Amino acid sequence: MQEMNQEYQPAVTTGRYKNVIFDLGGVLIYFNPRELIEKIFVDSEQKPYHLTQAVYTQSWLDMDRGKLTRAEVVQNLASTYDAAQLEKFLEALPLYFTPLADGLRIVHDVKSAGYKVFVLSNLADFAHEAILRHAGFFDVFDGAVFSYQVGFAKPDLEIYQSLLTKYNLIADECVFIDDLVKNIDAGKTVGIDGIVCDDYTKVRAELVNRGILIT
């Protein structure tokens, strides 16, 4: 993965778009909270599915922003969730962060078509470390911004601006792929076009419609 430097060169393409930005969880890395509950608590008769809502709490986002540790998240949410269950969930999560082949094929196809590819992800430090264990995962990318490194998390507008600034990108030349509508909408607020990733076939079709991929 390229580091930011003064010699950074934009992609050479003929259309409006030059850069495609990818989320990780649910797009390129497996992250399905309900399925993870079933895997992590496989021996429990009553699965604590309510833990899936912890992912959307302020404390979880602050962990992604690098402001809270996992232990602090458990402490903050102890009045809402069973502390032992939440701790087990958080500790086991990294074990299941595996690459999604369909998503990565899109990344490589976009890259082969001559576009720059970037990562913009809400990611805690321990999650980043887990993904780095998949050797070469980030090699295809031209750059990345992770929430814990910049202190902002999607849908904070500042995290989108951080990526644009770090790599000298023009918002109107970028397409962002994320599995959450609210994150796509936030990107559009700063001028970045977006595609919701809820089906890889649809994502490919949207990229074809924008002239980025060819059928």
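The values are calculated or read from the model by the stated rules, or taken from the named source; none is laboratory data. None of the values given here were measured: they were computed from a predicted structure. FYI the Cβ positions are ideal-geometry reconstructions off the backbone, even for glycines, and counts take in every protein chain you see.
What to note about this one:
- Any hit, segment 114-125, residues being surrounded by fewer than 16 Cβ atoms within 10 Å (Cβ to Cβ) and either touching a Lys or Arg at 6+ places or on another chain (Cβ under 8 Å) or aromatic (Phe, Trp, Tyr) (or both): no
- Taken together, 25, 15 contain a single residue that is small (Gly, Ala, Ser), modelled with pLDDT of 95 or more and either in contact with a Gly (Cβ under 8 Å, 6 or more places away or on another chain) or surrounded by 12 or more Cβ atoms within 10 Å (Cβ to Cβ) (or both), which is 25.
- Within segment 172-188, the set of residues being part of a strand (DSSP E or B) and over 19 Å from residue 30 (Cα atoms) comprises 174, 175.
- Number of positions in segment 177-196 that are of a type in the set (Val, Ile, Thr) and without any contact (Cβ under 8 Å) to a residue 24 or more places away in the chain: 4
- Hits in segment 171-183 - residues which are loosely packed, with under 13 Cβ neighbours inside 10 Å and more than 18 Å from residue 110 (Cα to Cα): 181, 182
- Test: residue in segment 152-167 that is out of contact with any Asp or Glu (no Cβ under 6 Å at 6 or more places or on another chain), in contact (Cβ under 8 Å) with a residue 40 or more places away in the chain and exposed (fewer than 15 other Cβ atoms within 10 Å of the Cβ): no
- For segment 53-70, the criterion of being more than 30 Å from residue 136 (Cβ to Cβ), out of contact with any Ser or Thr (no Cβ under 6 Å at 6 or more places or on another chain), at pLDDT below 95 and not in a helix (DSSP H, G or I) is satisfied by no residue at all.
- Residues (surrounded by 15 or more Cβ atoms within 10 Å (Cβ to Cβ) and either in contact with a helix residue (DSSP H, G or I) (Cβ under 9 Å, 6 or more places away or on another chain) or assigned to a loop (DSSP other than H, G, I, E, B) (or both)) located in segment 189-209: 190, 192, 193, 194, 195, 196, 197, 200, 203, 204, 207
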